[in-house]
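All of the numbers you see were taken from the coordinates with simple rules; none came from a lab. From a predicted model like this one, the values you see are computed outputs, not experimental measurements. Here the Cβ positions follow ideal geometry from the backbone for every residue, glycine too, while neighbour counts run over all protein chains shown.
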Amino acid sequence: MGGMTRFDSATAITAAGPGSYTADLDAGYLIGDAMNGGYLMAIMQAAALAESSHPHAVSSAFHFLRPAGEGRLHVEATTLKTGRRVTTLQVAAAQHGAQLVVATISCAEVDAAAVPDYQAPFPSIPTLDQCYRYEPRSGQDSVPAFSERVDQFYTPTTWERLRGRGAERVPELAGYVQPSERDGGATEDPCGFLPLAVDALPPVVAALGSWRWSPTVELTWHMRAVPEPGPLMFLARAEVISDGWFDETVDLWDGKGTLVAQSRQLARSGR
């Protein structure tokens, strides 16, 4: 990779005092009038890691209180416990004096050479060259800025679902995701892209034809392995959609078939 990518620049933080950081939010990560939540998580993760002696955020839980807009983001990271193997921090992001996101992030070190003692078989997903490059949000948002930040490729079955075609309408999406080639491609740190990757997809209810705004209430994700460079295979699915709420689980595998990240969120389905 040659030089810093747009994602690297957009998630850069500046120290503003003990445990305090700022970031200038990139309007390219807007979905409508709100910043993508995964983008905010990546910035907050950077602040947590800056305060920790451990290099990886292995368990992160975020509560989203308010949407973020353009401008400066203020991030405060407070260490709750420092251990030899795990350091846990509380991280809060604010804008214009109002808290937007609060998180608890546990940092540790994941051995890049580790071989799983057991890993469940990953689903049968077609190779990337059999998938369709498609950004379904581009026809749904007035300003599809975020559609240019992440390259998404969908399996033929998913592509049909998102276009409102095909007989099998279930809340499940599958394919590949990677940093945008137009923005410089692979990031300096593949682990830094994971928070965005687990929240980069359209809401899984889109497979059922719901394109209304679906704000996340809470999202927890775990880093399970250091990803190999290259596209990440994803499977996103919901188990229950009811009473204006839905869950969404996203699993990511790297090119070697290693499970690198797991996430689960609870969100409101747009009304």
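Structure above, values below:
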quantity: Cα-projected label distance for ARG169 with GLU148, points at 7 Å along beta-carbon direction, nm; calculated: 3.3 nm
quantity: Selection of trypsin sites (Lys or Arg not before Pro), the stretch 85-137, meeting DSSP coil and at most 11 other Cβ within 10 Å; calculated: ARG85
quantity: Integer Hz, Karplus 6.51/-1.76/1.60 couplings in order for the stretch 242-250, x for Gly and Pro; calculated: 7, 6, x, 10, 8, 9, 9, 10, 10
quantity: Distance in nm between pseudo-label sites at ALA120 and LEU208 (7 Å out along the Cβ direction from Cα); calculated: 2.1 nm
quantity: Relative contact order (%) - criterion: Cα under 8 Å, at least six apart; region: the chain; calculated: 19 percent
quantity: Nitroxide proxy distance, nm - points 7 Å out along Cα→Cβ at GLU218 and MET4; calculated: 3.6 nm
quantity: Qualifying trypsin sites (Lys or Arg not before Pro) in the stretch 192-241, DSSP loop, other Cβ atoms within 10 Å at most 16; calculated: ARG212
quantity: The stretch 26-138: relative contact order as a whole-number percent, Cα under 8 Å and 6+ apart; calculated: 25 percent
quantity: For peptides 213-220, 95-102, 169-176, 72-79, sequence by mean Cβ density within 10 Å, most packed first; calculated: 169-176, 72-79, 213-220, 95-102
quantity: Rounded to 10°, Cα long-axis angle of helix 37-51 versus longest principal axis of the chain; calculated: 30 degrees
quantity: CYS131, CYS107 arranged by Cβ crowding within 10 Å, fewest neighbours leading; calculated: CYS131, CYS107
quantity: Rounded, prolate or oblate (a/c below 1.5 giving rounded, otherwise prolate when a/b exceeds b/c) for the stretch 1-145 by Cα gyration tensor; calculated: oblate
quantity: Max mean-square fluctuation residue, GNM over the chain, Cα-Cα springs under 10 Å, options ASP251, ASP183, ASP111; calculated: ASP111
quantity: Among (1) 55, 44, 40; (2) 47, 45, 36; (3) 71, 62, 36, the entry derived from the coordinates for Cα extents along the principal axes in Å; calculated: (1)
quantity: Residues listed by number, the stretch 16-44, amide nitrogen under 15 Å from ILE241 label point at 7 Å toward C-beta; calculated: none
quantity: Length-normalised contact order for the stretch 89-209 - Cα pairs under 8 Å, 6+ apart - percent; calculated: 20 percent
quantity: Anisotropy class of the stretch 1-84 from Cα gyration tensor, a/c 1.5 cut; calculated: prolate
quantity: Residue among PRO156, GLY184, ALA174 farthest towards the positive dipole end of the stretch 150-189, charges placed on Cβ; calculated: PRO156
quantity: Likely footprinting exposure, SER210, SER60, fewest C-beta neighbours within 10 Å first; calculated: SER210, SER60
